[in-house]
Amino acid sequence: MATKIEIEDMVTVGALADKLMIPVTRLIAELMKNGVMATVNERVDFDTAQIIAQELGLDVELVRHSTTESALPKREKTATSENAVPRPPVVAVMGHVDHGKTSLLDAIRAAHVARGEAGGITQHISAYQVTHKDRLITFLDTPGHEAFAAIREHGAHLTDIVIIVVAADDGVKPQTIEAIRFARKAGVKIIVAINKMDKEGANPNLVKGQLAENGVVWDDKAWKGDVPMVEVSAKTELGIPELLDMVLLVADVEDFRADENVPAEGLIIEAHVEQGRGSVAHGLIERGILRPGDYVVSGSTYAKIRNLESTTGQKLKQAGPSTPVVMTGFKTLPEFGDPFVAVKTEKIARAEANRIAIEKSSGNGRIGVNSTELIRMINRSNELSECNIILKADVQGSLTSVIDSLKSLDTEEVAVRVVGSGIGSVNENDIHLAQSSHAIVYGFNVAMPANIKQIASRDKVQVRLYKIIYELIDDVKDELTKLLAPEVVETDLGRLVVRGVFKTTKTEVICGGEVTKGKLTVPALARVKRGDELLGEVEITGLKRGPQDAKEIFEGEMCGLSFKTTKRIDLLEGDHIELFTRSTVARTL
Ligand code: GDP
């Protein structure tokens, strides 16, 4: 008798392999055979699992295990009550590449994070707080605009203020404009930091003029705008106290507040695995107070918070709104950009994580695979060309940023398919998966050990490592461009009105007429028309001016014309022959 196995409505490939007691690679291979590229963490639905179990010839009977409704109280996302207390502003720094975002964040951090706390921190940290005039300001230290886009996509208003950095010697550039657009769209306050004021070519007035042209006008009496601008130098630290004063001033005017007496809630801003500590998640608390030992759900994972720390490594007994925290204890890695919320018991946390896992999988074909998609994949026509890639990144934030940016490259004809992704160096599994799925392996800020390089070259798998997001994205874009069918371009040449027909066979016609428009050349293609009716598409084989062969006949001239046709065309006087050429041009995305 078949063994009964209970599975959820949606189950990860890894968990299904466990339940079926087969190696996960065998399951992935079987899914692939059926046209489904699913990695170990992706989910398949019950029906797909059943089909695959049958295909594998396993003597099992799958039984559906149903899940529960959300146990979490439904809460208004942005509402604050009368009891809301003031909270530090959350600030992000954006601007064109090389205008000094990193230098400015470093200068602020070096001068204002208590010494010792900041000591030894060299790697990218997701967020930190500084104290200025005895008040706290939270800075988000983001890897770039893509990360913001990812956060925004998840529907959260994490930032209160965006500092747009513009180099005084370089002026407004495309990414400055992008930053302005972002801030406007997100409805956050803008402060402009005109940086590199120590440089010889610094011209702040020019910058202010350029910004005004882009709708960002200085709040000076003469300029009559509403955007504060501060002249700074990240190098000499000139103007940095004034910049921080300005942040506090904007915060006072805006009066940012949050409730503390509600279950803690926030957003994951970074997540990675650390040896000895497991899944380490950085989060920014939006409301409520979080404490070690609290149960927290984020996406399809949950934690009993084991350690609660500041992003500079100090143990915290509790953390309130606008505080960036580091949390350990998550069962699996939470996703960058996902909200987290504290719940009362482990039971609720587990049930909620499970429920979200199912919701996510059924709502998003990229994360999960359901039977409808399985069928679609099996029956897929050749309309959509896909570029398979495997993506490895140093931290969850970068991985999510890259994946989100890649999504925007998809068109109706070509799409990126991430067949595998993960944190850490490129490893042997990645190469095997790339080989079986004809994928290119991309690494962002990760290394490839020498032995893996050898395996990749032996298996003819391409591995491309990048340190700059947009260079990686551009490379994938190039790959997609190669998949695009070339564009067919027609160029009109000229038009002949038929005045006499000299010979008609099944495959050839010779006629005479007058060129009424453009010029006729040979070789060329042509459409033969009677009024608006298309009689056929033909190939011009000869032109004659009088008895002489001609290469070109011009408007107003009479000529003889012969064409080849695949079906008989009984041409009449008054029909038109419209000549054109057709060529193919490589397309770009
Ligand atoms: P980002 O790409 O916007 O993060 O820019 P970086 O902070 O990496 O700065 C780009 C370059 O400009 C680096 O070589 C910095 O040393 C330099 N830089 C940044 N701020 C200043 C400044 O205030 N004055 C001068 N002279 N150079 C600066």
| request: Considering each residue of the stretch 390-415, count those that are assigned to a strand (DSSP E or B) and surrounded by fewer than 24 Cβ atoms within 10 Å (Cβ to Cβ), and give that number. | output: 2
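Listed here are the residues, each with its yes/no results for (1) out of contact with any helix residue (DSSP H, G or I) (no Cβ under 9 Å at 6 or more places or on another chain); (2) at positive phi; (3) not in a strand (DSSP E or B).
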{"residue": "479", "(1), (2), (3)": "yes, no, yes"}
{"residue": "496", "(1), (2), (3)": "yes, no, no"}
{"residue": "501", "(1), (2), (3)": "yes, no, no"}
{"residue": "518", "(1), (2), (3)": "yes, yes, no"}
| message | Step by step: first the residues of the stretch 439-461, then only those that are touching a helix residue (DSSP H, G or I) at 6+ places or on another chain (Cβ under 9 Å) and among the polar types (S, T, N, Q), then the one that is least open to solvent (accessible area, probe 1.4 Å). Which residue is that? | response | 445
| query | Which one of the conditions (1) more than 16 Å from the ligand (Cβ to nearest atom); (2) closer than 27 Å to residue 88 by Cβ does residue 193 fail to meet, given that it meets all the rest? | reply | (1)
| remark: Checked pairs for the stretch 227-239, first among the charged types (D, E, K, R), second open to solvent by 10 Å² or more (accessible area, probe 1.4 Å) and more than 10 Å from the ligand (Cβ to nearest atom), C-beta under 7 Å and 6 or more apart or across chains, list as 231/204; 237/111
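Which residue out of 111, 107 is within 14 Å of the ligand (Cβ to nearest atom), at pLDDT below 85 and assigned to a helix (DSSP H, G or I)?
Working: 107 fails: at pLDDT below 85.
When all the criteria are applied, what remains is 111.
Considering each of 199, 221 in turn, give the residue that is within 16 Å of the ligand (Cβ to nearest atom) and not assigned by TED's automatic domain parsing to the domain that holds residue 349. Let's see the steps before the verdict.
Values: 221 fails: within 16 Å of the ligand (Cβ to nearest atom).
Matching residue, one of 199, 221: 199.
Taking the residues in the stretch 155-167 that are part of a loop (DSSP other than H, G, I, E, B) and buried (at least 17 other Cβ atoms within 10 Å of the Cβ) as candidates, determine which candidate is nearest to the ligand (Cβ to nearest atom).
Filtering the stretch 155-167 for residues part of a loop (DSSP other than H, G, I, E, B) gives 155-160.
Okay, now just the ones that are also buried (at least 17 other Cβ atoms within 10 Å of the Cβ), so 156, 158-160.
Working: 156: 24, 158: 20, 159: 17, 160: 21 Å.
Among those that are part of a loop (DSSP other than H, G, I, E, B) and buried (at least 17 other Cβ atoms within 10 Å of the Cβ), it is 159.
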| task | Tell me, yes or no, whether the stretch 407-414 has at least one residue that is at pLDDT 85 or above and farther than 30 Å from residue 320 by Cβ. | result | yes
| note | Filtering the stretch 168-181 down to residues that are assigned to a helix (DSSP H, G or I) and either open to solvent by 20 Å² or more (accessible area, probe 1.4 Å) or without any contact (Cβ under 8 Å) to a residue 40 or more places away in the chain (or both) yields 174, 175, 177, 178, 180, 181
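Restricting attention to the stretch 218-234, and to residues there that are in a loop (DSSP other than H, G, I, E, B) and open to solvent by less than 70 Å² (accessible area, probe 1.4 Å), which single residue is nearest to residue 103 (Cα to Cα)? If you could, list the steps in order and put the result at the bottom.
As a first pass, look at the stretch 218-234 and keep what is in a loop (DSSP other than H, G, I, E, B): 219-226, 228, 232-234.
Filter once more, keeping what is open to solvent by less than 70 Å² (accessible area, probe 1.4 Å): 220, 225, 228, 232-234.
Values: 220: 27, 225: 28, 228: 21, 232: 11, 233: 9, 234: 6 Å.
Result: 234.
Got at least one residue in the stretch 421-438 being hydroxyl-bearing (Ser, Thr, Tyr), open to solvent by 10 Å² or more (accessible area, probe 1.4 Å) and in a strand (DSSP E or B)? Can you show your working first?
Pass one, the stretch 421-438, residues hydroxyl-bearing (Ser, Thr, Tyr): 421, 425, 436-437.
Applying the additional criterion that residues be open to solvent by 10 Å² or more (accessible area, probe 1.4 Å) yields 421, 425, 436.
The next check asks that each one be in a strand (DSSP E or B); those that pass are 421.
Yes, the stretch 421-438 contains a residue that is hydroxyl-bearing (Ser, Thr, Tyr), open to solvent by 10 Å² or more (accessible area, probe 1.4 Å) and in a strand (DSSP E or B).
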| task | Determine which single condition residue 221 fails, assuming it passes every other condition in (1) within 30 Å of residue 287 (Cβ to Cβ); (2) out of contact with any strand residue (DSSP E or B) (no Cβ under 7 Å at 6 or more places or on another chain); (3) not small (Gly, Ala, Ser). | result | (1)
| request: Name every residue in the stretch 1-14 that is at pLDDT 80 or above, more than 28 Å from the chain's Cα centre (by Cα) and buried (at least 17 other Cβ atoms within 10 Å of the Cβ), in order of residue number. | output: 5, 7
| said: Out of everything in the stretch 235-266 that is over 19 Å from residue 89 (Cα atoms) and within 16 Å of the ligand (Cβ to nearest atom), what residue ends up being least open to solvent (accessible area, probe 1.4 Å)? | reply: 239
| message | I'd like to verify a number: residues in the stretch 204-214 that are modelled with pLDDT of 95 or more and outside any helix (DSSP H, G or I), how many? | response | 0
| note | Residues of the stretch 525-565 being under 11 Å from residue 508 (Cβ atoms) and open to solvent by 90 Å² or more (accessible area, probe 1.4 Å), in sequence order, are 564
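Are any residues in the stretch 218-240 under 31 Å from the mean Cα position of the chain (by Cα) and farther than 19 Å from residue 196 by Cα, and if so, which ones? Spell out the reasoning first.
First, the residues of the stretch 218-240 that are under 31 Å from the mean Cα position of the chain (by Cα): 227, 234.
If the condition is that a residue be under 31 Å from the mean Cα position of the chain (by Cα) and farther than 19 Å from residue 196 by Cα, then 227 is the only one that fits.
Could you say which residue among 273, 297, 325 is buried (at least 21 other Cβ atoms within 10 Å of the Cβ) and either at pLDDT below 90 or in contact with a Phe, Trp or Tyr (Cβ under 7 Å, 6 or more places away or on another chain) (or both)? If you could, list the steps in order and put the result at the bottom.
Values: 273 fails: buried (at least 21 other Cβ atoms within 10 Å of the Cβ); 325 fails: either at pLDDT below 90 or in contact with a Phe, Trp or Tyr (Cβ under 7 Å, 6 or more places away or on another chain) (or both).
Only one candidate passes the filter, namely 297.
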| Looking at 84, 92, 53, 49, which one is surrounded by 13 or more Cβ atoms within 10 Å (Cβ to Cβ), within 31 Å of the chain's Cα centre (by Cα), at pLDDT 75 or above and more than 28 Å from residue 232 (Cα to Cα)? | 49
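Taking residue 191, is it without any contact (Cβ under 8 Å) to a residue 40 or more places away in the chain and surrounded by 18 or more Cβ atoms within 10 Å (Cβ to Cβ)?
Against the criterion (without any contact (Cβ under 8 Å) to a residue 40 or more places away in the chain and surrounded by 18 or more Cβ atoms within 10 Å (Cβ to Cβ)), residue 191 does not qualify.
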| query | What is the number of the single condition among (1) among the aliphatic types (A, V, I, L, M); (2) more than 16 Å from the ligand (Cβ to nearest atom); (3) under 22 Å from residue 91 (Cα atoms) that residue 212 does not meet? | reply | (3)
| Where in the stretch 1-46 are there strands (runs of 3 or more DSSP E), lying fully within it, with 3 or more residues that are under 16 Å from residue 60 (Cβ atoms)? | 3-8
| query | What number of residues within the stretch 16-35 are surrounded by 17 or more Cβ atoms within 10 Å (Cβ to Cβ) and small (Gly, Ala, Ser)? | reply | 1
| field | Failed condition for residue 488, given (1) of a type in the set (A, V, I, L, M, F, W, C); (2) part of a strand (DSSP E or B); (3) farther than 29 Å from residue 175 by Cα; (4) open to solvent by less than 80 Å² (accessible area, probe 1.4 Å) | value | (4)
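The values are calculated or read from the model by the stated rules, or taken from the named source; none is laboratory data. Quick caveat, the model's predicted, so the values are computed rather than measured. Methodologically, a virtual Cβ is constructed for each residue, glycine included, from the backbone with ideal geometry; neighbour enumeration extends over all protein chains shown. Side chains included, ligands, DNA and RNA excluded: accessible areas come from the protein's heavy atoms. Shrake-Rupley method; radii C 1.70, N 1.55, O 1.52, S 1.80 Å.
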